[in-house]
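We did not get these values from a lab; they are worked out from the coordinates using the rules stated. Note that the coordinates shown come from a computational prediction; the quantities given were computed from them, not determined experimentally. Here the Cβ positions follow ideal geometry from the backbone for every residue, glycine too, while neighbour counts run over all protein chains shown.
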Amino acid sequence: MSETEFLIGRCGLDLQDDFYPDDLPPEWRFDYYSTAFKTLSLPIDTDEDLDQIFEALEDSDEEFELVLSIEQAQLTAPDQLTALLASVVDYQSHFTLFCEVDETPKKAVMDLLEGYQVCFQSSKSLNLGLQEAQVVDKTLSFNQYPVLYSAEVLDEKQIRTYLEQVSRINTKTLLICKFAESEALNKIRIIAELLGF
């Protein structure tokens, strides 16, 4: 039996459907979002108020995982990476740093990331001394939780097949459906629950 538990979410708080009430102030979007979904991905250099989000995470007893994503170009520029991390270093236990890569990060970069929860998604093994999982033609290299990004739009049968493949990871998994709207996220969550994940 699989021990996979999916935390399902999306990239960004800008849902375009009728998810948010019309009169909801923009600064309350994260609180509203986090009551329905259990993970969220934001670029590390987001325009969202990360301090407010980190404060909300510290004050909450609810399970929620924040993913801050960086581009490979940011990862390969140690000076730029150091500057990006400076704004979040005090909160490093409150998020997973994620990057899609096509080459193994250099040792100097990995040294900068020591103490952070990280996950890299690649088409090949990275040999970083991290846990690795092969799933849906991707290799996830991680030290806390695997983060799987998907940009595909799937129907219900494809969602079921996808979740069954991902469940082989056999651990808590953050499933980020890049730009899915709330209806699609709810459908994925319901199918995951029906499958026992």
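For the pair Asp137/Ser123, report the inter-label distance in nm, with labels modelled 7 Å from Cα in the Cβ direction.
0.9 nm
Under 15 Å from a label point 7 Å along Cα→Cβ of Glu181: give me every residue in the range 142-158 with its amide N that close.
153-154
Share of antiparallel DSSP beta bridges in the range 5-194, in percent to the nearest 5?
25 percent
Tabulate in residue order the Karplus-calculated ³J(HN,Hα) for the range 108-113, using 6.51 cos²θ - 1.76 cosθ + 1.60 with θ = phi - 60°, rounded to whole Hz; enter x for Gly and Pro.
Once rounded to whole Hz, the list reads 4, 5, 4, 4, 5, 8.
For the range 133-197, state which GluC sites (Glu not before Pro) are in a DSSP loop and have at most 15 other beta carbons lying within 10 Å of their beta carbon.
Glu152, Glu181
For labels at Thr104 and Leu194 in the simple 7 Å Cα→Cβ model, what's the distance in nm?
Output for this residue pair reads 4.3 nm.
Counting other Cβ atoms within 10 Å, which trypsin sites (Lys or Arg not before Pro) in the range 70-173 have at most 15 and lie in a DSSP loop? Write out the running numbers ahead of the final one.
On the way: sites: Lys106, Lys107, Lys124, Lys138, Lys157, Arg160, Arg168, Lys172; in loops: Lys106, Lys124.
In loop regions of the range 70-173 (DSSP not H, G, I, E or B), the sparsely surrounded trypsin sites (Lys or Arg not before Pro) are Lys106, Lys124.
Count the lysine pairs in the chain whose Cα atoms sit under 26 Å apart, keeping only pairs 8 or more residues apart in sequence or on different chains.
Eligible lysine pairs with Cα atoms under 26 Å apart amount to 21.
Ignoring everything except DSSP H segments at least 4 long, calculate the 222 nm mean residue ellipticity for the chain; use -39,500 (n - 2.57) per segment, divide by total residues, nearest 500.
-8500 deg cm²/dmol
How high is the relative contact order of the range 5-194, in percent, with contacts defined as C-alpha pairs under 8 Å that are six or more residues apart?
25 percent
Just one of [x] 121; [y] 151; [z] 184 is volume of the Cα convex hull per residue in Å³ as worked out from the coordinates here. Which one is it?
Given [x] 121; [y] 151; [z] 184, the structure-derived one carries the label [x].
Could you give the size of the charge dipole of the range 54-161 about its Cα centre, using +1 on the Cβ of each K and R and -1 on the Cβ of each D and E, expressed in debye and rounded to the nearest 20?
620 debye
If the only charges are +1 at each Lys and Arg Cβ and -1 at each Asp and Glu Cβ, what is the size of the charge dipole of the chain around the Cα centre, to the nearest 20 debye?
About 1160 debye.
What are the ³J(HN,Hα) values, in whole Hz, obtained from phi via the Karplus relation 6.51 cos²θ - 1.76 cosθ + 1.60 with θ = phi - 60°, for each residue of the range 29-40 in sequence order, with x given for Gly and Pro?
4, 4, 4, 5, 4, 5, 7, 9, 10, 10, 8, 8
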